[in-house]
Amino acid sequence: MNHIEKLLDGFKRFHSSNYEENRALFERLAKQGQSPKTIVVGCCDSRVDPAIVTDCDPGDLFIIRNVANLVPPFETSGNYHGTSAALEFGVCSLEVENIIVLGHAQCGGIRALLNQAPGAEPQEGFISSWMKVASNARNRVLSRMHGETPEDQARACEQEAILVSLDNLLTFPWILERVAQKKLALHGWYFDMAHGELLRYNPDSNRFETFS
């Protein structure tokens with residue numbers, strides 16, 4: 001069986017079980033549209049699906065996925081802005097109440113970032129240029145963790161990049177306004193797939209901690 005056949009067989013199982021068992025939910029979503037309460041900015045990594053990790057139903061999450069779950073700062077140049085456009089729709093049109101930046105262990109984008117020499121020109125292709133969004137995370141980690149193992153540096157950078165994205169979210173005026181009005185809350189989460197742990201950023205302790 002090739003992989004496309006595997007996917008089609010999976011759809012058949014989904015249709016006969018999940019869809020049929022939740023037909024009323026899908027019919028309601030089709031008629032009334034979506035009204036999720038939470039945006040999740042997640043990574044493209046095939047091992048970290050936000051809906052699976054949180055065991056959500058269809059319609060619960062508005063999911064934005066890109067390399068290394070990054071949020072770029074607000075700017076209005078003529079370039080394409082897929083992540084920013086999705087944030088605008090989720091916040092301004094769907095009026096979500098939460099934005100979660102969901103980072104994870106063993107992130108390939110962060111490893112690529114750490115392998116770039118600080119100050120070096122981006123390599124050819126899209127990934128190197130995109131990862132510049134998190135360059136401050138890399139610089140902070142390398143400055144305070146000089147001599148630490150690459151694994152420890154990578155984990156620290158994965159978490160630091162979440163904080164960079166949380167800061168960047170507040171550069172969007174319509175996000176900042178809603179946060180100030182307490183209509184919108186921002187969250188930083190970190191999924192450690194090897195240990196099955198979900199951590200959250202605690203601004204009071206400035207650390208990622210397990211949910212109590």
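Every number here is computed from the coordinates shown, using simple stated rules; none is lab data. Since the model is a prediction, treat every value here as computed from it, not as a measurement. Note that we place each Cβ from the backbone using ideal geometry, even for glycine, and neighbour counts take in every protein chain shown.
Excluding Ala112 itself, what net charge comes from residues whose Cβ is under 14 Å from its Cβ, given Lys and Arg +1 and Asp and Glu -1? Don't skip to the end; give the middle numbers.
Values: positive: Arg111, Lys132, Arg138; negative: Asp45, Glu124, Glu158.
Charge balance in the 14 Å sphere: 0.
Which one of Thr210, Gly188, Ser143 is farthest out on the positive end of the charge dipole of region 131-212, using unit charges on Cβ (Lys, Arg +1; Asp, Glu -1) and the Cα centre as origin?
The Cα lying farthest towards the positive end belongs to Gly188.
Taking the Cα centre of region 134-212 as origin, sum charge times position over the Cβ atoms of Lys and Arg (+1) and Asp and Glu (-1), and report the length of that vector in debye to the nearest 20. Write down the numbers at each step before the final one.
Numbers: 9 positive and 11 negative charges, 77 e Å.
Its charge dipole is roughly 360 debye.
What is the gain in length, in nm to one decimal, between Lys6 and Leu142 on full extension, counting 0.36 nm per residue of separation less the C-alpha to C-alpha distance? Walk me through the numbers on the way to the answer.
Details: separation 136, 0.36 × 136 = 48.96 nm, distance 4.28 nm.
Once the chain is fully extended between Lys6 and Leu142, it gains 44.7 nm.
What does the charge add up to near Leu198, with Lys and Arg as +1, Asp and Glu as -1, over the other residues with Cβ less than 11 Å from its Cβ? Please report the intermediate quantities before stating the final value.
Values: positive: Arg200; negative: Asp192, Glu197, Glu209.
Within the 11 Å Cβ shell, the charges total -2.
Please give the charge dipole size of the chain, origin at the Cα centre, charges +1 on K and R Cβ atoms and -1 on D and E Cβ atoms. Round to the nearest 20 debye. Could you put the intermediate results ahead of the total?
Working: 20 positive and 27 negative charges, 47 e Å.
Approximately 220 debye in magnitude.
Rank Pro58, Ala134, Phe14 by how far each Cα sits towards the positive end of the charge dipole of the chain (+1 on Lys, Arg Cβ; -1 on Asp, Glu Cβ) and give me just the farthest.
Of Pro58, Ala134, Phe14, it is Pro58.
Taking 0.36 nm per residue of separation and subtracting the Cα-Cα distance, what length does fully extending Ala194 through His81 add? Don't skip to the answer; put the middle values down first.
On the way: separation 113, 0.36 × 113 = 40.68 nm, distance 3.25 nm.
Stretched out fully, the Ala194 to His81 stretch lengthens by 37.4 nm.
Taking only DSSP H segments of four or more residues, each worth -39500 (n - 2.57), what value at 222 nm results for the chain once the sum is divided by all its residues, to the nearest 500 deg cm²/dmol? Walk me through the numbers on the way to the answer.
Numbers: 9 runs with 82 residues, N = 212.
Helix contribution divided over all residues of the chain: -11000 deg cm²/dmol.
Work out the length of the dipole vector of region 28-90 about its Cα centre, built from +1 on the beta-carbon of each Lys and Arg and -1 on the beta-carbon of each Asp and Glu, and round it to the nearest 20 debye.
Values: 5 positive and 7 negative charges, 37 e Å.
Computed about the Cα centre, the dipole is about 180 debye.
Farthest toward the dipole's positive end in region 99-190, which of Leu176, Val101, Gln123, given Cβ charges of +1 (Lys, Arg) and -1 (Asp, Glu) about the Cα centre?
Among Leu176, Val101, Gln123, the one farthest towards the positive end of the dipole of region 99-190 is Leu176.
Report the label-to-label distance for Ala180 and Arg28 in nanometres (one decimal), using points 7 Å from each Cα along the Cα→Cβ vector.
Between Ala180 and Arg28, the label points sit 3.7 nm apart.
Quick one: helix 23-32 against the long Cα principal axis of the chain, what's the angle to the nearest 10°, folded into 0 to 90?
The angle comes out at about 70 degrees.
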